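*Asks:* Quick one: structure below, then a few questions.
The values are calculated or read from the model by the stated rules, or taken from the named source; none is laboratory data. Predicted model only: the values in this text are computed from it and were never measured. All Cβ positions, glycine included, derive from the backbone under ideal geometry; neighbour counts span all protein chains shown.
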Amino acid sequence: MIVSSANFFKHINAFLDYRQCIYEASSQTIKSNLCDLRLFQKFVHNKDYELIDGPAVTDFQYHLKQDRANCGNSINRKIFTLRSYSNFLRLQNVEFADKLPFYDVLKIRQGYGNRPNALTRKQIKHFFNSIDRSIILGIRNYAVYALMYQTGLRVGEVFALDLESIDFHTQIITVVGKGKKCRTLHLNSEITQILSEWIAVRSCFCNSNRNNALFISKKGYRLAIRTMEDNFKKIVLQANFKAHFNITCHTLRHTFASHLNDEEVDVLVIQSLMGHASPRSTFPYIHPSQKKIRLAMEKLPGVIYMNKLIEQGRINLRFQSPFRF
């Protein structure tokens with residue numbers, strides 16, 4: 001026998017309570033889990049699936065890929081949520097929970113070609129020049145995205161920052177990352193000045209004294225992740241970027257790692273700054289610049305040898321005649 005769809009979705013609230021209480025999952029993680037479960041529930045309802053079986057799950061994957069244009073990592077995350085939920089159902093002795101098919105779904109291996117890219121230094125400069133700092137909202141947005149770029153913070157980590165997270169005297173910021181792991185990062189003089197300018201105008205926002213969040217909305221609430229993402233998109237549109245990839249807040253994190261790599265910063269240092277548990281998690285964030293790739297190619301032994309022969313005049317280069325149209 002197989003778990004019915006009606007019985008499958010009965011325990012969502014209990015599952016979320018368990019995740020929050022026992023595992024102390026962050027509010028953002030709980031929100032993501034709920035979104036994933038509700039999305040699958042809506043899909044099952046629309047497709048009239050009475051049982052949670054293999055065809056229902058594979059059809060859901062097709063739906064995520066073809067109808068919602070999800071990448072492999074997004075699909076994997078949603079399946080992982082469903083798998084965790086299945087584990088909970090087994091612990092609750094839900095009948096036939098051990099027959100749920102989520103354990104049989106293979107992880108999608110996504111090539112590096114589909115990963116987000118990084119902005120060049122020229123593009124970064126253009127992006128920040130596109131923010132109007134003559135208004136208070138512009139000062140806030142500039143501080144938000146400058147902090148992301150100069151420290152490599154995730155948007156969720158910026159969301160969780162409080163006023164006490166920053167020590168302006170020592171120029172240190174304390175960040176709570178994934179798994180509630182804390183890390184301290186040094187702030188250079190430039191980002192310290194940018195944050196100081198924001199703190200100076202923060203009190204102009206309504207109810208600013210009632211909220212301890214570092215970044216707040218016009219109404220005085222903690223600045224939402226969705227708002228940061230939407231504002232970022234607006235700035236990108238205004239900047240009229242001509243990029244071959246989708247530019248998001250997370251692009252700033254990739255750009256942070258890539259620019260450090262271009263400056264010959266050790267990958268273990270970059271790993272520590274980004275809060276990764278392993279260098280393997282850091283490597284996909286590093287996108288060498290064209291200049292660094294060109295310099296690396298010039299170091300090939302064959303290229304060095306050929307250049308020496310050319311300099312010594314021992315090779316005469318003959319170029320092909322240009323095409324005639």
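*Asks:* Which of the residues spanning region 209-228 are closer than 20 Å to D167 by Cβ and loosely packed, with under 15 Cβ neighbours inside 10 Å?
*Replies:* Within region 209-228, just N212 meets the criteria.
*Asks:* Can you name every residue in region 16-34 that is among the polar types (S, T, N, Q) and either surrounded by 12 or more Cβ atoms within 10 Å (Cβ to Cβ) or in contact (Cβ under 8 Å) with a residue 12 or more places away in the chain (or both)? Working first, answer last.
*Replies:* Looking only at region 16-34, we keep the residues that are among the polar types (S, T, N, Q), and these are 20, 26-29, 32-33.
If the condition is that a residue be among the polar types (S, T, N, Q) and either surrounded by 12 or more Cβ atoms within 10 Å (Cβ to Cβ) or in contact (Cβ under 8 Å) with a residue 12 or more places away in the chain (or both), then Q20, S26, Q28, T29, S32, N33 are the ones that fit.
*Asks:* Same structure, new question: Are any residues in region 142-159 more than 23 Å from S27 (Cβ to Cβ) and out of contact with any Leu (no Cβ under 7 Å at 6 or more places or on another chain), and if so, which ones?
*Replies:* Y142, A146, Q150
*Asks:* I'm trying to understand the selection: among the residues of region 235-256, which are of a type in the set (D, E, K, R) and surrounded by fewer than 13 Cβ atoms within 10 Å (Cβ to Cβ)?
*Replies:* Within region 235-256, just K242 meets the criteria.
*Asks:* For G156, state whether it is assigned by TED's automatic domain parsing to the domain that holds H276 and on the phi > 0 side of the Ramachandran plot.
*Replies:* Details: assigned by TED's automatic domain parsing to the domain that holds H276: yes; on the phi > 0 side of the Ramachandran plot: no.
In short, no.
Here's the yes/no breakdown for (1) farther than 30 Å from N246 by Cβ; (2) buried (at least 16 other Cβ atoms within 10 Å of the Cβ):
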residue	(1), (2)
S4	yes, no
F9	yes, yes
A14	yes, no
D36	no, yes
N46	no, no
D59	no, no
Q66	no, no
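*Asks:* I would also like to ask the following. Does G54 satisfy the condition of being in contact (Cβ under 8 Å) with a residue 12 or more places away in the chain and touching a Pro at 6+ places or on another chain (Cβ under 6 Å)? Talk me through it step by step, then tell me what you get.
*Replies:* Working: in contact (Cβ under 8 Å) with a residue 12 or more places away in the chain: yes; touching a Pro at 6+ places or on another chain (Cβ under 6 Å): yes.
So G54 passes the test.
*Asks:* Answer with yes or no whether K218 is of a type in the set (K, R) and either out of contact with any Leu (no Cβ under 8 Å at 6 or more places or on another chain) or more than 16 Å from G138 (Cα to Cα) (or both). Talk me through it step by step, then tell me what you get.
*Replies:* Details: of a type in the set (K, R): yes; either out of contact with any Leu (no Cβ under 8 Å at 6 or more places or on another chain) or more than 16 Å from G138 (Cα to Cα) (or both): no.
So K218 fails the test.
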